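Report on one structure; see the data block that follows.
The values are calculated or read from the model by the stated rules, or taken from the named source; none is laboratory data. Keep in mind it's a predicted model, so treat the numbers as computed, not measured. Glycine also receives a Cβ, built like all others from the backbone with ideal geometry; neighbour counts cover every protein chain displayed. For accessibility, only protein heavy atoms count, side chains too; no ligands or nucleic acids. Shrake-Rupley method; radii C 1.70, N 1.55, O 1.52, S 1.80 Å.
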Amino acid sequence: MPDALYLSAAILLPFLGSVVAAMLPNNARHLESWLAGGVALLSLAMVWLCYVSIAGGAVPRFEIPWVPELGLNLVLRMDGFASVFAVMVAGIGFLVVLYARYYMSQEDPIPRFFAFLLAFMGSMMGLVLSGNLIQLVFFWELTSLFSFLLIGYWQHSAAARDGARMALTVTAAGGLALLAGMLLLGHIVGSYDLDRVLASGEAIRGHSLYLPALVLILLGALTKSAQFPFHFWLPQAMAAPTPVSAYLHSATLVKAGIFLMARLWPVMSGTDAWFWILGTSGTITLLVGAYVAIFQHDLKGLLAYSTISHLGLITLLLSLNSPLALVAAIFHTMNHATFKASLFMAVGIIDHETGTRDIRRLSGLNETMPFTARLALVAAAAMAGVPLLNGFISKEMFFTEALDASSAPTLLHSLLPLAALLAGILAVAYSLRFIHGAFFGPVTNDLPRTPHEPPQWMRVPVEILVFGCMVVGILPAATIGPYLDVAVHSVLGAATPEYSLAVWHGINLPLVMSLIALAGGVLLYRVLQPHLNAGIEDVPLLRGLDGRRIFDQAMVFLSWRFARTLERLLGTARLQMQLRLVVCVTILAVILALLPYGLYPGQVALTGIDPVVALMWIVGGGCAMAAAYQAKYHRLAALILLGGAGLVTCLTFVWFSAPDLALTQLLVEVVTTVLLLLGLRWLPKRTERRSGGDTRARLRRFRDLTVAVAAGAGLAVLSYATMTRVSPEGISRHFLERAYSEGGGTNVVNVILVDFRGFDTMGEIAVLGIVALTVYALLRRFRPAPESVGVPEQQQGEAGEWLLVPGVLMRLMFPVVGLVAVFLLLRGHDLPGGGFAAGLMMSVAILLQYMAAGTRWVEDHLRVRPLRWMGAGLLLAAGTGAGAMLFGRPFMTSYFAYADLGWLGRLPVASAVLFDLGVFALVFGATVLMLIAIAHQSVRSQRAAPPPPPVGARPSLSALATGDD
Amino acid sequence: MELILALAIGVLGGSGVWLLMRPRTFQVIIGLSLLSYAVNLFIFSMGRFPVGRPPVLEPGTAGDPAVYADPLPQALVLTAIVIGFATTALFLVVMMAARGLTGGDHVDGRARDR
C-alpha cells in the first residue's frame, strides 16, 4: 500500500504545488522557487521510494475503479522503464526550477511561470505512470496544453504566441489521432489496461485493425517528438523562456513520443509497417535536423534542430525491430536529456549575461565566462559523440546497430550505416559551430551587456548535468548500468539481450566510424566556415522545405478561406432563414423517421367528446390564431390573446387530473404576462399600414404560412396517432408504488420532483438562477432607444390617479397572498402545491405591490434581497442533498417522518420538504430579481433623461436590485 | 376527446411556428410561448387523458397505475413550464437589449431590403 501512496503523491504533489504557486503574490520569487523546488524534490523522493521495490522485481500498481464496465479506471503503475522517465521528469524538473530562479527577471509574472511548470511536471508524471491507455492520452493532452501555456509564457511577444499556437495545433492534433489509435488498440485487446495490452502482442500484430491503429498512434508519437514531417513546430517553440526549453525540449515533452513508442515497442514493433514508417521518418529527421542545425545563427535554434536530429536518431533505433537497438534507444534518451538540458541552460546563461544568442555577434566568451565555457564545451562534446562522454557510448551503440541492420535486404537498411556516419559528421560540425562560434575567436565589445560569469547557483544545475555526462561517459557500467538494466528488462522481459556498457570494445568498425565522424566534422566545419561567417539567413539545398510556411498556408486556408467559403455557401446570418430551415428540417426528419412505419391512428377506443372541452378549445385555438395574426401591430392584444390560450391550457390540465400543473401554469401565466407588459414599453411604436405590401412580401408570407400549416397539421396528426395507442408500461408504476412508502408523500408529482428526481430539480433551479442573473447582468448595460426614454404618454399626469380602488385592495392582499404561498409550500408534499408554485405565488405578492404603488413607493417600504434568497435557496437545496452524505447515504437521499403539531395537524417533516424550501427560495428570488430588474429600467432611464423628476429619499434603487445595502 | 386535443396541439403549434418565422422580436416571443404550450400538452398527452382519476394517493397506500393519473408526464411538464418561463424572460431581455442597441425591433437588428 505505501507504493500506492508514493505513486499518487508523485503525480498529485506537482498539481497541488501548481495551485498553491498560482495563488502566491507576484513578488514572492523566493517562496515560489522554494515551493517548486521542494515539490520537484518530493516527487523525486516518491519515485525513488517506488524504485526500491522496482529494483526488487515488483511493479507497483495502484488502481481506482471509475467506470469499470467501460474499462475506464485510474491506474498508476511504475516499472523500470517508467521510473527512468519519472526520474528525468522530477530530477531535471528540480534543476530547471533552480535555474529558473536566477534566469527569470523581476518583471516576469513568477506565479504563472511556476504554476504552469509544476502543472506540466504533474501531467508528464501522469503520462509516464499511466497504466491505462485512455488515461495516458488524457495526460498526453494535458502536456500539450501546459506546454502551450509555457511556450507562450511571454504573451507580449508575437513570436511566443505564434510558436505556442503552432506547437499546440500540431501536438494536440497528433493527440487526437493518438486517442483514436488507442481506442482501436483497446478494441483489439479488449481492455485499456496497459498490462493486458503489453501481454497481447501476438493478437495485436495479427489483427486486421493493426495498421490503422499503428498509423494513428505513430501520428501522435511523431508529432509530439517533432519527427519529419511534423518537426517544424519545435524551432518555433524556442520563443519560450530558456528554462522551459531546457525542460520541455530536452527531457520531457518531446520525449513523450519516444516514451510511447518504446512503451508499445514489445507489442507493436516487429512488422514491416513499423520499420518503414519509423525508419523513413527517423532517418530523414536525423539527417535534415543535423544539416539544418549547422546553418542556424541562433544558439537556441541550433540546439532545437540538433534536438530534432537526436530524436530522429532515437526513432530510427526504435524502428530497427532489434532488442539491442531498443537498449541503445533508451540509453540515448537518457544521455540526450542530460547533455541537451545542460546546453540549453548554458545558452540561457549566455543570453542572460550578454543579451544576445546570435552566433554572428557572439565571440570570445571563453575569456569572460571561462567556467560556463568549459561546461558548455564538455556538454557539446557529449553531443558530438567525443569519447569518454556519455554521448559517445550511445552513438557507438547506434553505429553498431546501423551496421547490423545493413545485412537486411532493403535499400533503406543498406543505406543506414552511411546515413549514420553522415549524421555523425554533421553532429560534430554543428557542435563545433556552437562552441567555436560563441566561445572562441577575438573578444568582442559589441554586445548589449558586458559579459561576465552568472551567479554561482545559476551554474549549479549545469554543473550537475555535465558531471553526469562525464561520469556516465567514463564509468557507464558502474553508474547508469543498473538503472538501464532495470528499464530494459521491464520493456523486453525475458527477451532482454546481452549487451555491454563499456567505453572500450577494441578497435572495430564503429570506433573507426566515430573517428571518421570526428575528423569529417572538423573538416566540414572548416569548409563551411566562410559561408557561415557571411551571416546569411539561409539553408543551402533545402530552401523550399519550409515546414512552417506550409503549415501557415494550410492554417490560413483552413481557418480563413475555406471557412469563409463554407460560411458564404451554407450559412446565413438571418434568423428567419435559420428558423425556417430548422422547422423544415424537423418536419422532414419526422416524416423520414415515420416512413417505414406509416402514420395511421391506433386502435384504442376513443373517449367521448365533452362539449365543454370542445368549447374551451374553440376559444383557445381562436386565441392562438388571433395572437399570431395580431402580434405585429397590436402587441397588447396579442399578449392578452396569448394569456387566453394559456388559460385554456391551464383548464385542460385541471380537467385531466393535473392540479399541480394547472397551478404552476396559472402562476407562470401571471408572471409572464406582467414581464412582457413591462417589456412592451421599450418597443418602437408601430402603426398599421393597410397597403398589403408588394408581391414578394406576400409570396414570402404565403410560403411561411404553408410551412406553419404543415407543422401544425403534422403535430396534430402525430399527437392523434400517439393518443390513440396504448401507452407503454413506463416507469410511472415505480414512482406511484414507492411515492408513499419510500418518499413519504401522497402528491406523487411533488415527490418525483423533490425526491426521486431531486438531482434534476436541483439542476433546474440552478438554471433558473443563472437565467435570473443573466437577465440582471444584461440589463445593467441596457441602453434604451432614444425615443423610448421619456415618460410614456399614458403615465403623464398626476401620480396616483389611476387604479385607486384596486390599488388599495392589492395592498391589502399582500399578507393574504403571502400566506397562501406558505400554505402551498407546506402542503406540497401531500397535496397540490410545492416549492415552484409557492415561490411563484410569493413573487406575485410582491408584484402586486409594484403594480399598485409603483416602483419607488415599494422600494421605500419593502426591501427584498433577491440575490440572498437565491443563494440561500441553492445552498439549502444542495445542503439538504449533501446532508444525506453525513449519514453515509448517497447524495440526495431523503428521510421522512410526520410531526404531530396538535390542532395544526400532522406535518410531514421529510428532508425533501427542506429541499422544497430551497426550491421555493430560489424560485422566489429569481422571479423577483427578473421583475425588479426589468421594472427598474423605466425608473433608471427617466432619471437619466432630462428633466429629472425628484428622486425618492433613499437612493436604494440599484442597491435593491443587487440585493446589497 | 383525443381529436379535440390533437387539433388543439396542432393549432397552437402551427400558430407558434408561423410567429417564429416573423421578422419582429415580439412576434418571435409570442410564437415561442405558443409553441411551448403545444409541446407541453404533447408531453402531457403521453399519460393519455384520463378523466376523473385522482392525482393524489391515499396516505399509506401504494399507487396503482390503473387507478391514478400518470405522474411522470406531469412532473416533466411542470419542469418544462418553469424552464419555459425562464427562457421567455431571457428572450424578453435580449429583445429589450437588441432594441436599445440597434434602434429597431427586427430580429436581425435591422431589416434587410430585399
Please arrange A:VAL654, A:VAL923 by accessible surface area, largest first, computed with a 1.4 Å probe and ligands excluded. A:VAL654, A:VAL923
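With viscosity set to 1.002 mPa s and temperature to 20 °C, compute the Stokes-Einstein D of the range A:157-302, Rh being the Kirkwood radius across alpha carbon pairs; µm²/s, no decimals.
Values: Rh = 16.2 Å.
Translational D for this selection: 132 µm²/s.
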Provide, for q = 0.17, 0.18, 0.24 Å⁻¹, the log10 of I(q)/I(0) from a solvent-free Debye sum over equal Cα point scatterers in the range A:236-306. -0.77, -0.83, -1.09
For the range A:626-683, the convex hull over Cα atoms projects on average to an area in nm² of 3.9
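Which value, in Å³ per residue, describes the convex hull spanned by the Cα atoms of the range A:540-613? Working shown, then result.
Details: hull volume 14.9 nm³, N = 74.
Spelled out: Cα convex hull of the range A:540-613, divided by residues, is 202 Å³.
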Would you mind giving the average projected area, over all directions, of the Cα convex hull of the range A:820-865 in nm² with one decimal? 3.5
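Please say if the range A:699-791 is rounded, prolate or oblate, where rounded means a/c under 1.5 for a ≥ b ≥ c the square roots of the C-alpha gyration tensor eigenvalues, and otherwise the choice is prolate for a/b larger than b/c and oblate otherwise? Numbers along the way, then the final one.
Values: a/c = 4.33, a/b = 1.26, b/c = 3.43.
Since a/c reaches 1.5 but b/c is at least a/b, the shape of the range A:699-791 is classed as oblate.
How large, in Å, is the range A:438-488 by the Kirkwood hydrodynamic radius built from its alpha-carbon pairs?
Working: mean 1/r = 0.0698 Å⁻¹.
Every distinct Cα pair counted, the radius reaches 14.3 Å.
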Against the longest principal axis of chain A, how steep is helix A:758-780, in degrees 0 to 90 to the nearest 10, with axes from Cα atoms? 90
Per-residue average of other protein chain Cβ atoms inside 10 Å, peptide A:923-933 -> 2
Chain A: longest stretch without exposed GluC sites (Glu not before Pro) (DSSP loop, at most 10 other Cβ within 10 Å), sites themselves excluded? A:108-497
For the range B:22-61, I need the span (max minus min coordinate) of the C-alpha atoms along each principal axis, in Å, sorted largest to smallest. 55, 18, 13
Given all pairs of distinct Cα atoms, the protein assembly as shown yields a Kirkwood Rh in Å of 34.7
Let's test the formula: R0 of 25 Å, r as the Cβ-Cβ distance of A:ASP446 and A:VAL527. What FRET efficiency results, to the nearest 0.05? 0.40
Computed over chain A: longest principal axis from alpha-carbon atoms vs helix A:911-944 long axis, angle to nearest 10 degrees, is 80
Rg and Dmax [Cα atoms of the range A:614-753; Å; Rg one decimal, Dmax integer]: 20.6, 67
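Tell me the carbon and sulfur percent of the accessible area for the protein assembly as shown, rounded to whole percent, probe radius 1.4 Å. Write down the numbers at each step before the final one.
On the way: 31260 of 45660 Å².
Roughly 68 percent of what the probe reaches on the protein assembly as shown is carbon or sulfur.
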Determine the principal axes of the Cα atoms in the range A:169-242, then give the extent along each, sorted from largest to smallest and rounded to whole angstroms. 44, 21, 16
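At 1.4 Å probe size, with every protein chain present, just tell me what the per residue accessible area of the range A:397-484 comes to in Å². It would help to have the intermediate numbers written out before the result.
Details: 3950 Å² over 88 residues.
Accessible area per residue, the range A:397-484: 45 Å².
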Excluding residues fewer than 8 places away in the same chain, name every one of the lysines whose C-alpha is closer than 19 Å to that of A:LYS685. A:LYS632
Once both axes come from the Cα atoms, what is the angle between helix A:575-594 and the longest principal axis of chain A, in degrees from 0 to 90, rounded to 10? 90
What is the ratio of the Cα radius of gyration of the range A:499-597 to 2.2 N^0.38 Å, where N is its residue count, to two decimals? 2.54
When 1/r is averaged over all different Cα pairs and the result inverted, which Kirkwood radius in Å belongs to the range A:498-544? 13.8
Given 11 as the ceiling on other Cβ atoms within 10 Å, longest exposed-site-free region of chain A for trypsin sites (Lys or Arg not before Pro) in DSSP loops: A:1-448
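Counting only protein heavy atoms and rolling a 1.4 Å probe, how much accessible area do A and B lose on contact, total for both sides, in Å² to 100? Provide the component values of the computation, followed by the final result.
On the way: alone 46020 and 8460 Å², together 45660 Å².
Counting protein atoms only, the buried area is about 8800 Å².
Over chain A, what is the mean sequence separation of C-alpha contacts under 8 Å (at least six apart), divided by residue count, expressed as relative contact order in percent?
Numbers: 1391 pairs, mean separation 74.2, N = 965.
That works out to 8 percent.
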Cross-link reach list, lysines versus A:LYS224, counting only Cα pairs under 30 Å and skipping chain neighbours closer than eight places: A:LYS255, A:LYS300, A:LYS340, A:LYS395
Given N residues in the range A:24-99, what is Rg(Cα) / (2.2 N^0.38 Å)? 1.42
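Using the Cα atoms of the range A:374-505 to build a convex hull, what is its mean projected area in square nanometres? Can you show the working numbers first?
Details: hull surface 46.1 nm².
About 11.5 nm², averaged over all directions.
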Coordinate range along principal axes, alpha carbons of the range A:847-890, Å, largest first: 51, 15, 11
Accessible area of A:ASP860 in the full protein assembly, 1.4 Å probe (Å², nearest 10): 60
With N set to the number of residues, divide the alpha-carbon radius of gyration of the range A:547-682 by 2.2 N^0.38 Å and report two decimals. 1.70
Exposure of B:VAL67 as accessible area (Å², to 10), given a probe of 1.4 Å and all protein chains: 70
Chymotrypsin sites (Phe, Trp or Tyr not before Pro) within the range A:447-555: which are DSSP loop residues with at most 10 other Cβ atoms inside 10 Å? A:TRP504
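Based on the Cα gyration tensor of the range A:288-397, what are the three equivalent ellipsoid semi-axes, each the root of five times an eigenvalue, rounded to whole Å and given largest first?
Working: eigenvalues 159, 45, 19 Å².
With the √(5λ) rule applied to the range A:288-397, the semi-axes are 28, 15, 10 Å.
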